[in-house]
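Enquirer: Have a look at the structure that comes next, please.
The values are calculated or read from the model by the stated rules, or taken from the named source; none is laboratory data. Because the structure is a prediction, the values reported are computed rather than measured. All Cβ positions, even for glycine, are placed from backbone atoms using ideal geometry, and neighbour counts span all protein chains on display.
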């Protein structure tokens, strides 16, 4: 053989081979046989139809540049729940996109729609870089423990976006109840979650030391960071649990107080929280940036504020910044409350608008070190003096400021908040004029998204 040809052959053999993207078509009768053989860059296209067997994703790994995509034909691709198993099961998988399908749990007992399943020494599990997109999840509400999207193993770098969850025990539950199996560095955006028995979303607290043991998080090369909840719609209704089982729409737990993860934080912005007859609209602790949200509650759950920052599972509020939110809530207990924070950290409540039955409790803190500035408060009944339409019917509700209202002569200080991702954007994602107070920047005509129980666009 020619020497030059030999050298060329050797050189080409040493070049890493690029993944060759394939589109693989599957039906309810064939998909199970094709899933185990998916390679980086593959797209598994699921045909329209009814799928009665669960989707088992075990050891299916794409790459950062060539993820594996499993996609349906929108709501025409329907996975039905069954009594045996979670509808979509995830184990030891990464760089994966699941999108464009409907999951119907049929309100059967004991299963979840999507579950990154449990992690034990005998049966270890992890996931990272998973995207869940454009799913409709319905009828997983046989009991409060049923979940739409759940992680029960160390999981990092998830994106959960543009999904509808209607009727679940809990909409999204990330992490484990005992503070193990941490969920790290996620983005939850543009989802619509309603009619849950318990939480719309809970992100569980994390006990010290777990992050260094989390195989999936280490594999995902992001052992710390922030978790973002933005542009979602959260609503609870008549099917909500009561008494000791009552839950907020959203609860975020604390991060480790020492070691890896202690400086992690939440950014929660651009969300619409609507009604909770039994509990708070939002509860959280640890490190939280809460801004440009709208909170509305026409119910009056006894002793529950609309927004409550308070110790939970042994973690006290730490670095907390609450700014540019609009609260219109009938809750007699109050609007925004920071309770018993860690005195080694600083908390701020600035530039918010809060209307509650007693204006004196619309924004409060029991720690004199918490800084309150540039807020506007008034009674629940007086909201109509400030906004275009303080209507109880959602299709007529418009909390955009009236001309000349909710605007000060001098801008509120912003230097404290510039580290937040979209600190300079309002609820409509418009540039924020810091002379305004509340979630909107502007007056007279709201050209942005109309408040609704629907995906926010």
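Enquirer: On the basis of being crowded, with 23+ Cβ neighbours inside 10 Å, in contact with a strand residue (DSSP E or B) (Cβ under 6 Å, 6 or more places away or on another chain) and not in a helix (DSSP H, G or I), does residue 237 make the cut?
Expert: On the way: crowded, with 23+ Cβ neighbours inside 10 Å: no; in contact with a strand residue (DSSP E or B) (Cβ under 6 Å, 6 or more places away or on another chain): yes; not in a helix (DSSP H, G or I): yes.
So residue 237 does not fit the description; no.
Enquirer: What number goes with the only condition from (1) modelled with pLDDT of 95 or more; (2) touching a strand residue (DSSP E or B) at 6+ places or on another chain (Cβ under 7 Å); (3) surrounded by fewer than 19 Cβ atoms within 10 Å (Cβ to Cβ) that residue 371 does not pass?
Expert: The single condition residue 371 does not satisfy is (1).
Enquirer: Yes or no: the stretch 215-227 includes at least one residue that is surrounded by fewer than 20 Cβ atoms within 10 Å (Cβ to Cβ), touching a helix residue (DSSP H, G or I) at 6+ places or on another chain (Cβ under 8 Å) and part of a loop (DSSP other than H, G, I, E, B).
Expert: Yes; the residues of the stretch 215-227 include at least one that is surrounded by fewer than 20 Cβ atoms within 10 Å (Cβ to Cβ), touching a helix residue (DSSP H, G or I) at 6+ places or on another chain (Cβ under 8 Å) and part of a loop (DSSP other than H, G, I, E, B).
Enquirer: Does residue 355 count as under 26 Å from residue 226 (Cβ atoms) and at pLDDT 95 or above?
Expert: On the way: under 26 Å from residue 226 (Cβ atoms): no; at pLDDT 95 or above: yes.
Taking the combined requirement at face value, the residue does not satisfy it.
Enquirer: Also, I was wondering about something else. For residue 403, which of the numbered conditions (1) under 15 Å from residue 440 (Cα atoms); (2) surrounded by fewer than 18 Cβ atoms within 10 Å (Cβ to Cβ); (3) in contact with a strand residue (DSSP E or B) (Cβ under 8 Å, 6 or more places away or on another chain) fails to hold?
Expert: (3)
Enquirer: To continue, here is another question. Inside the stretch 120-134, can you point out the residues that are assigned to a strand (DSSP E or B) and buried (at least 24 other Cβ atoms within 10 Å of the Cβ)?
Expert: At the first step, the residues of the stretch 120-134 found to be assigned to a strand (DSSP E or B) are 127-134.
Within the stretch 120-134, 127, 128, 129, 130, 132 meet the criteria.
Enquirer: Here's a follow-up. Examine the stretch 340-349 for a residue that is within 13 Å of residue 307 (Cα to Cα), under 25 Å from the mean Cα position of the chain (by Cα) and touching a residue at least 12 places away in the same chain (Cβ under 8 Å), and state whether such a residue exists. Steps first, answer last, please.
Expert: Filtering the stretch 340-349 down to residues within 13 Å of residue 307 (Cα to Cα) leaves 349.
If we keep only those that are under 25 Å from the mean Cα position of the chain (by Cα) as well, we get 349.
Add one more test, that the residue is touching a residue at least 12 places away in the same chain (Cβ under 8 Å), and what stays is 349.
The answer is yes, given that some residue of the stretch 340-349 is within 13 Å of residue 307 (Cα to Cα), under 25 Å from the mean Cα position of the chain (by Cα) and touching a residue at least 12 places away in the same chain (Cβ under 8 Å).
Rundown of residues vs (1) within 27 Å of residue 332 (Cα to Cα); (2) buried (at least 16 other Cβ atoms within 10 Å of the Cβ), yes/no style:
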residue: 399; (1), (2): yes, yes
residue: 421; (1), (2): no, no
residue: 431; (1), (2): no, no
residue: 436; (1), (2): yes, yes
residue: 449; (1), (2): no, yes
residue: 453; (1), (2): yes, yes
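Enquirer: Name the residues in the stretch 421-440 that are in contact (Cβ under 8 Å) with a residue 24 or more places away in the chain and within 14 Å of residue 269 (Cβ to Cβ), would you?
Expert: Selection gives 421, 422, 423, 425, 426, 427, 429, 432, 438, 439, 440.
Enquirer: A further question follows. What tally of residues in the stretch 302-313 results from selecting those that are at pLDDT 95 or above and more than 26 Å from residue 189 (Cβ to Cβ)? Full working, then the answer.
Expert: So in the stretch 302-313, the residues at pLDDT 95 or above come out as 304-313.
With more than 26 Å from residue 189 (Cβ to Cβ) added as a condition, the list becomes 304, 311.
Qualifying residue count, the stretch 302-313: 2.
Enquirer: Additional query: Test of understanding: among 331, 370, which residue is free of Cβ contacts under 8 Å to residues at least 60 places away in the same chain and over 26 Å from the mean Cα position of the chain (by Cα)?
Expert: Details: 331 fails: over 26 Å from the mean Cα position of the chain (by Cα).
Answer to the check: 370.
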